[in-house]
Amino acid sequence: MKKVFIGLLIVLIAAGAAFYMKGKSSGFDEQKATDFMQQRFDAIDTNSDGLIDRAEFDAEGEAILKTKNFTTQEEIEQFYKVKEQAWNAFDADNNNLLSFEEFKNRLRLEREKRLAK
Ligand SMILES: [Ca+2]
Ligand SMILES: [Ca+2]
């Protein structure tokens, strides 16, 4: 069951992260990846104040949830649990807001972890 959520952050950043996580494969471009993350960040930051607040993060979570074909209550509960963990993982300074730096740094960290495997 937990396997559904390989890489807890991927769930939340979907396409942008998948691109970024590709890592060492040929054609990986650091600048392009950063631009892509910026786009993802801006898309989630719906009021464009340069920070992702909890409501914006939750809205993104709901949008992602809709794209998953979860059929059981357990899967849905697991999704929310992972979403909570992801929020805490992103919000490094615990101020209940995500800056682009936090967003980017966390993705970078996750990518390095994956590449180290
Ligand atoms: Ca915002
Ligand atoms: Ca923060």
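The values are calculated or read from the model by the stated rules, or taken from the named source; none is laboratory data. Predicted model, so just to flag it, every value in this text is computed and none were measured. Reconstructed Cβ throughout: ideal geometry from the backbone, glycine too, with neighbour counts over all protein chains shown.
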With respect to Arg108, determine if the residue is within 23 Å of Gln31 (Cα to Cα) and either touching a residue at least 60 places away in the same chain (Cβ under 8 Å) or out of contact with any Leu (no Cβ under 6 Å at 6 or more places or on another chain) (or both). yes
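What's the total number of residues in region 38-49 that are in contact (Cβ under 8 Å) with a residue 24 or more places away in the chain and either out of contact with any helix residue (DSSP H, G or I) (no Cβ under 7 Å at 6 or more places or on another chain) or more than 16 Å from ligand 2 (Cβ to nearest atom) (or both)?
Kept after step one, since they are in contact (Cβ under 8 Å) with a residue 24 or more places away in the chain, are these residues of region 38-49: 38, 40-41.
Filter once more, keeping what is either out of contact with any helix residue (DSSP H, G or I) (no Cβ under 7 Å at 6 or more places or on another chain) or more than 16 Å from ligand 2 (Cβ to nearest atom) (or both): 38, 40.
Total satisfying the criteria: 2.
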Step by step: first the residues of region 67-96, then only those that are acidic (Asp, Glu) and outside any helix (DSSP H, G or I), then the one that is surrounded by the fewest Cβ atoms within 10 Å (Cβ to Cβ). Which residue is that? Asp93
Which condition breaks for Glu56 when tested against (1) away from ligand 2 (no atom under 11 Å from the Cβ); (2) over 14 Å from the mean Cα position of the chain (by Cα); (3) at pLDDT 90 or above; (4) among the acidic types (Asp, Glu)? (2)
